[in-house]
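Enquirer: There's a structure below that I have some questions on.
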Amino acid sequence: MIDLFFNTLVSKALLAGFGLALTTGPLGCFLVWRRMAFFGDALAHSSLLGIALGILLHIDMNIGIVAVCLLCATILAKTHSRQHLTADAWLGIISYSALALGFLALSKSGSNADLESYLFGDILTLRLRDIYWIYGCAVLVGLFFIWKWRELLLLTLDEELAQTAGVSVGFVRATFMIILAFTVAIALKAVGALLMPALLIMPAATAGRFARSPEKMALIAMGSAFLGISIGLLAAISFNTPSGATIVVSCLILFLGSIAWRGN
Amino acid sequence: MNTPLIIADHIWVQVPTPGGVKVILEDVSLSLMPGKIMTLIGPNGAGKTTLLKVMLNLIPVSRGKLTRKSGLKIGYMPQKLDINPTLPMTVERLLSLGTPERTSKIQSQIDNCLKEVGAFALKHSRLTVLSGGEMQRVMLARALLISPDLLVLDEPMQGVDVLGQEELYQLIAKIRDNRGCSVLLVSHDLHLVMAASDEVVCLNTHVCCSGHPSKVSVDPSYQKLFVAPYKHDHDHLHAGGCVHD
């Protein structure tokens, strides 16, 4: 009986992890290629405010997260052209303001929200509904990449070059932000607002050492993310450690392994 | 045949600044004729790149009118491609990304363009290992891939050594002769430009002087900008063909 329970729990978490890896792998590659690692960080932190918004307004938490992420992305896009403060400073301001505001709102929301699971995640507590969200998002991201892959790569190389080649830069960039916001929402419960950027960046960084083409890098990043999640998950159960942190450490070990294998 | 590819008619570009408005381009007019090589020269901050981007429709004009011949195909080579070393991409892949459709013809077109610029040996190289001069050739091949009516090259000589610069200019002139396309390029080195260009436009926010290189090089305003130490506060004389208001 316990075995059966255990098996469903683990297989559900693995199923979720696979769906997450499908999404975070390629998306993480674009964050790395476009030097947007800290942008992902800021959006992930802002998701805490989204959760609070969801609770306070009695709307779905994922919708709240997507809304706040898009709001932050818009603010960052607007502040990008301001010259008196550089982009990284703006990222820091948005990132920690959203985190602090979210924390405040959550503490006043009256709900007995489990703050630790929002900050650090727990993939073992995912319910079936969360898995539907994860796979819904994976399909969305997959379709977007199939549809706009070439445009995205051109944009990544050089925005003006892409524009002269007929890419509608504004549209592709905005759509990218939307799918990033959805990814942040689905990954939140698994690895939490503070650790989620690691799940985007680390598998992509690991994949970068093996790939000869952007497509291969995205595929290897998917595999690396799934491997990291699976190993972390099983290790968390075996050693009774927090699953979010264990997953990130297992992604780190894969990354360090890639350095050791391929050299610096 | 002799209709201009692009006409800039009294265009202005202004950007808002905390202290008011900064004028980047002031009342610039020029016509780009087919089959000609036009070079924009001017000091840093003269608005050369801005003018180029206006002509590429990347930046809107604040005043004035820009007319492009309908169906104009432009091959653009940016000043510097800031390629992230984590993006694994070969020369061949970069070139195939530049074309809208994936056809069987594209492979031979890529080969031809790479051969034309003398970079065929680099076809399978990763972008991150290319030198400055090699990268410029690859980007030139990429710009040629769409069989452009106009090649727009923003400081093509950046990161290229002196010997390579002369070769690159000869290559650009050869491409123009073979293909009959126009070339618009930005440069701030002068002597090499002079020989290859049909028309030089000396820009310092406004057009100081323009015309055939031999004419521009003796123009007082050109002399003032490039021969004497740079000082420019509308105290210069303008030679014939240059109108101020």
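Bear in mind that the values in this text are calculations on the coordinates, not laboratory data. These numbers were taken from a predicted model, which means no experiment stands behind them. FYI the Cβ positions are ideal-geometry reconstructions off the backbone, even for glycines, and counts take in every protein chain you see.
Enquirer: What residues have an amide H closer than 5 Å to that of B:VAL152, excluding those fewer than 5 places away on the same chain, when H is modeled at 1.01 Å from N in the peptide plane?
Expert: When sequence neighbours closer than 5 places are left aside, the close amide H contacts are B:GLY75, B:TYR76, B:MET77, B:LEU184.
Enquirer: So, one more: Provide the per-residue ³J(HN,Hα) series for segment A:22-36, in order, calculated from phi with Karplus coefficients 6.51, -1.76, 1.60 and θ = phi - 60°, each as a whole number of Hz, with x at glycine and proline positions.
Expert: 4, 8, 6, x, x, 5, x, 4, 5, 5, 5, 4, 8, 6, 10
Enquirer: Using label points projected 7 Å from each Cα along Cα→Cβ, tell me how many nm separate B:SER70 and B:GLU166, to one decimal.
Expert: Taking the simple label geometry, B:SER70 and B:GLU166 are separated by 4.7 nm.
Enquirer: Quick query: amide H of B:ILE24 versus all other amide H atoms, modeled in the peptide plane; which residues come in under 5 Å with a sequence gap of 5 or more or a different chain?
Expert: B:VAL13, B:GLN14, B:VAL15
Enquirer: What is the pair-distance distribution P(r) of segment B:93-142, computed from all Cα-Cα distances in 5 Å bins starting at 0, with each bin given as a whole percent?
Expert: 5, 22, 36, 22, 12, 3, 0
Enquirer: Explain nothing, just the number: relative contact order of segment A:126-257, from Cα pairs under 8 Å at least 6 residues apart, as a whole percent.
Expert: Taking the mean separation of contacting Cα pairs over the length of segment A:126-257, I get 19 percent.
Enquirer: What lysines does A:LYS148 reach when the alpha-carbon gap must be under 22 Å and sequence neighbours fewer than 8 apart in one chain are set aside?
Expert: A:LYS216
Enquirer: Hey, what do the phi angles of segment B:57-70 turn into as Karplus ³J(HN,Hα) couplings, whole Hz, using 6.51/-1.76/1.60 and θ = phi - 60°, x for Gly and Pro?
Expert: 6, 8, 10, x, 8, 7, 8, x, 9, 10, 10, 10, 4, 5
Enquirer: Also, quick follow-up: Tell me, in nm to one decimal, what length is gained between A:ARG35 and A:ILE253 on full extension, where the rule is 0.36 nm per residue of separation less the Cα-Cα distance?
Expert: 76.2 nm
Enquirer: Sorted from fewest to most neighbouring beta carbons within 10 Å, what does the list A:TRP133, B:TRP12, A:TRP147 look like?
Expert: The most exposed by this proxy come first: A:TRP147, B:TRP12, A:TRP133.
Enquirer: Shifting gears a bit: Apply the Kirkwood formula to segment B:80-167: the hydrodynamic radius equals the inverse of the mean of 1/r over all pairs of different alpha-carbon atoms; give it in Å with one decimal.
Expert: With all distinct Cα pairs of segment B:80-167 included, I get 13.4 Å.
Enquirer: About its Cα centre, what dipole magnitude does segment B:2-141 give when the only charges are +1 on Lys and Arg Cβ and -1 on Asp and Glu Cβ, stated in debye to the nearest 20?
Expert: 180 debye
Enquirer: Positive end of the dipole of segment B:122-216, charges at C-beta (+1 Lys, Arg; -1 Asp, Glu), about the Cα centre: which of B:VAL216, B:VAL201, B:LEU122 has its Cα farthest in that direction?
Expert: The residue sitting farthest along the positive end of the dipole is B:LEU122.
Enquirer: Still on this structure, I have one more. From zero outward in steps of 10 Å, how is the percent of C-alpha pairs of segment A:154-196 spread across the bins?
Expert: For segment A:154-196, the pair-distance distribution reads 28, 32, 25, 15, 0.
Enquirer: Please name which of A:MET61, A:ALA207, A:GLY17 has its Cα lying farthest along the dipole of chain A towards the positive end, using unit charges on Cβ (Lys, Arg +1; Asp, Glu -1) and the Cα centre as origin.
Expert: Farthest along the dipole direction, towards plus: A:ALA207.
Enquirer: How big is the charge dipole of chain B about its Cα centre, in debye rounded to the nearest 20, if each Lys and Arg gets +1 on its Cβ and each Asp and Glu gets -1 on its Cβ?
Expert: Around 720 debye, computed over chain B.
Enquirer: If you take the Cα atoms of segment B:1-55, find Rg, then find the Kirkwood Rh from the mean of 1/r over all pairs, what is Rg/Rh?
Expert: Across segment B:1-55, the Cα-based Rg/Rh ratio is 1.05.
Enquirer: Under the definition of Cα pairs under 8 Å and six or more residues apart, what whole-number percent is the relative contact order of segment A:181-264?
Expert: 31 percent
Enquirer: So which of B:LYS53/B:LYS174; B:LYS174/B:LYS215; B:LYS73/B:LYS215; B:LYS53/B:LYS105; B:LYS48/B:LYS224; A:LYS78/B:LYS80 end up more than 20 Å apart by C-alpha?
Expert: Distance filter (> 20 Å) returns B:LYS53/B:LYS174; B:LYS174/B:LYS215; B:LYS73/B:LYS215; B:LYS53/B:LYS105; A:LYS78/B:LYS80.
Enquirer: Tell me, what ³J(HN,Hα) does each residue in segment A:234-244 have, in order and in whole Hz, if you take phi through Karplus 6.51 cos²θ - 1.76 cosθ + 1.60 with θ = phi - 60° and put x for Gly and Pro?
Expert: For segment A:234-244, the Karplus-derived couplings read 5, 5, 4, 6, 5, 9, 6, 10, x, 5, x Hz, x marking Gly and Pro.
Enquirer: If you don't mind, another one. Evaluate segment A:13-54: find the radius of gyration of its Cα atoms, find its Kirkwood radius, and give the ratio Rg to Rh.
Expert: Rg/Rh for segment A:13-54 comes to 1.08.
Enquirer: Test of understanding: express the Cα radius of gyration of segment B:17-125 as a ratio to 2.2 N^0.38 Å, with N the residue count.
Expert: Rounded to two decimals, the normalised Rg is 1.40.
Enquirer: If you wrap a convex hull around the alpha carbons of chain A, what volume per residue comes out, as a whole number of Å³?
Expert: Considering the Cα atoms of chain A, their hull volume per residue is 135 Å³.
Enquirer: Continuing with this model, one more query. Give me the Debye-computed log₁₀ of I(q)/I(0) at q = 0.07, 0.09, 0.10, 0.11 Å⁻¹ for the protein assembly as shown, equal point scatterers on Cα only, no solvent, two decimals.
Expert: -0.49, -0.75, -0.87, -0.98
Enquirer: For segment A:20-83, state the average projected area of the convex hull of the C-alpha atoms over all orientations, rounded to one decimal in nm².
Expert: If I average the Cα hull's projected area over directions, I get 5.1 nm².
Enquirer: Largest first and in whole Å, what are the equivalent-ellipsoid semi-axes of chain B based on the Cα gyration tensor, each being the root of 5 times an eigenvalue?
Expert: Taking √(5λ) for each Cα gyration eigenvalue gives 32, 19, 18 Å.
Enquirer: Something else: When A:TYR96, B:TYR222 are ordered from fewest to most other Cβ atoms inside 10 Å of their Cβ, what list results?
Expert: A:TYR96, B:TYR222
Enquirer: Can I ask one more? Along the charge dipole of chain A, pointing to its positive end and built from +1/-1 on Cβ of Lys, Arg, Asp and Glu, which listed residue (A:GLN163, A:LEU115, A:ALA44) has its Cα farthest out?
Expert: Going by the Cα projections, it comes out as A:GLN163.
Enquirer: Counting only Cα atoms, I'd like the Rg/Rh figure for segment B:63-115, Kirkwood definition for Rh.
Expert: 1.08
Enquirer: Now for a different question. Suppose we keep just the DSSP beta bridges with both residues in the protein assembly as shown; what percent of those would be antiparallel, to 5?
Expert: Expressed as a percentage, antiparallel bridges in the protein assembly as shown total about 55.
Enquirer: Run the reach check for A:LYS108 against lysines, Cα to Cα strictly under 26 Å, same-chain hits fewer than 8 apart removed. What comes back?
Expert: Reachable lysines: A:LYS189.
Enquirer: Next up: Using just the Cα positions, wrap segment A:75-208 in a convex hull and report its mean projected area in square nanometres, one decimal place.
Expert: For segment A:75-208, averaging the hull's shadow over all directions gives 10.5 nm².
Enquirer: Normalising by the residue count of segment B:1-89, find the relative contact order in percent from Cα pairs under 8 Å and 6+ residues apart.
Expert: Dividing the mean separation by the residue count of segment B:1-89 yields 35 percent.
Enquirer: Treat each spin label as a single point 7 Å out from the Cα along the C-beta direction, and report the A:LEU234 to A:ALA174 distance in nm.
Expert: The modelled label-to-label distance comes out at 4.6 nm.
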